[in-house]
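Q: My structure is below; once you've seen it, I'll send some questions.
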Amino acid sequence: MTNFIEIAQLGAKVLRLQAEPIADASSTETQQLIKTLQESLATTEGVGIAAPQISISKQVIIIASRPTLRYPQAPLMEPTVMINPSFTALSETKEKDWEGCLSIPGIRARVPRYKKIQIKYLDQQGTAIDIILEDFVARVFQHEFDHLQGKVYLDRLESNEDIYSENEYLLAIK
Ligand code: NI
């Protein structure tokens, strides 16, 4: 049985900190953090998670796009661990679409994000990776990246009118 890790909820200070870069991707400590993060994500219906969400202020995220109860339309992508990620926008304008967050239960919102981005990160072995992401997975990346900057998706909204209750969201996407 895996230990249940509590997901930090909005209001927790750790969600508002600038996360520390990882100095050694292959260290035992980093590998343990990745394992804990993977286990935490597996217990949720989320499509991504960032270390600050398990109260560890380090620059590690996992993107795991897959159709779930929370995101029935999500494309399937192999769970990808990203250490010290950064990105550059390859599209000028942003598009609004739905997001939710395990740290902000009960609501969804339409969040503006770049459609196409170039990202750089270290993988679990410490290898430098440079790839282009588009659409939903680019959105998930930008959401998780924000968690490392002490930001949440609510900070990105154009209007509070873009916030919906979970129930109203489910009606809206039907
Ligand atoms: Ni989130």
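Values in this text are rule-based calculations from the coordinates and carry no lab data. The structure displayed is predicted, hence computed values, not measured ones. Every residue, glycine as well, gets a Cβ built from its backbone with ideal geometry; the counts of neighbours run over all protein chains shown.
Q: With everything on Cα atoms, drop me the angle between helix 28-42 and the longest principal axis of the chain, reported from 0 to 90° to the nearest 10.
A: 30 degrees
Q: What are the ³J(HN,Hα) values, in whole Hz, obtained from phi via the Karplus relation 6.51 cos²θ - 1.76 cosθ + 1.60 with θ = phi - 60°, for each residue of segment 166-173 in sequence order, with x given for Gly and Pro?
A: 3, 5, 5, 4, 4, 5, 5, 8
Q: About its Cα centre, how strong a charge dipole does the chain have in debye, to the nearest 20, once Lys and Arg get +1 and Asp and Glu get -1 at the Cβ?
A: Dipole of the chain, to the nearest 20 debye: 140 debye.
Q: Would you please name the GluC sites (Glu not before Pro) within segment 41-147 that are DSSP coil residues with at most 11 other C-beta atoms within 10 Å of their C-beta?
A: Glu92
Q: So, in Å, what gap is there between the alpha-carbon centers of segment 64-113 and segment 1-52?
A: About 17 Å separates the Cα centre of segment 64-113 from the one of segment 1-52.
Q: Hey, what angle do you get for helix 135-148 against the long axis of the chain, alpha-carbon based, 0 to 90 degrees rounded to 10?
A: Around 60 degrees separate the two axes.
Q: Among Met77, Pro112, Thr30, whose Cα lies farthest out toward the positive end of the dipole of the chain, if unit charges sit on the beta carbon of Lys, Arg (+1) and Asp, Glu (-1)?
A: Looking along the dipole axis, the top candidate is Pro112.
Q: Tell me which of Ile163, Ile129, Ile63 sits at the most positive position along the dipole axis of the chain, charges placed on C-beta atoms (Lys, Arg +1; Asp, Glu -1).
A: Ile163
Q: Would you mind computing Rg(Cα) / (2.2 N^0.38 Å) for the chain, counting N as its residues?
A: 0.98
Q: Rounded to the nearest 0.05, what FRET efficiency is calculated for Thr44 and Ile132 with R0 set to 22 Å and r the Cβ-Cβ distance?
A: 0.20
Q: Which residues in segment 80-105 have a backbone N closer than 16 Å to a point placed 7 Å from the Cα of Arg70 along the Cα-to-Cβ line?
A: Inside the label zone: 80, 98-105.
Q: Right, next: If you only keep lysine pairs separated by 8 or more in sequence, or across chains, how many in segment 13-172 come under 18 Å at the Cα atoms?
A: 11
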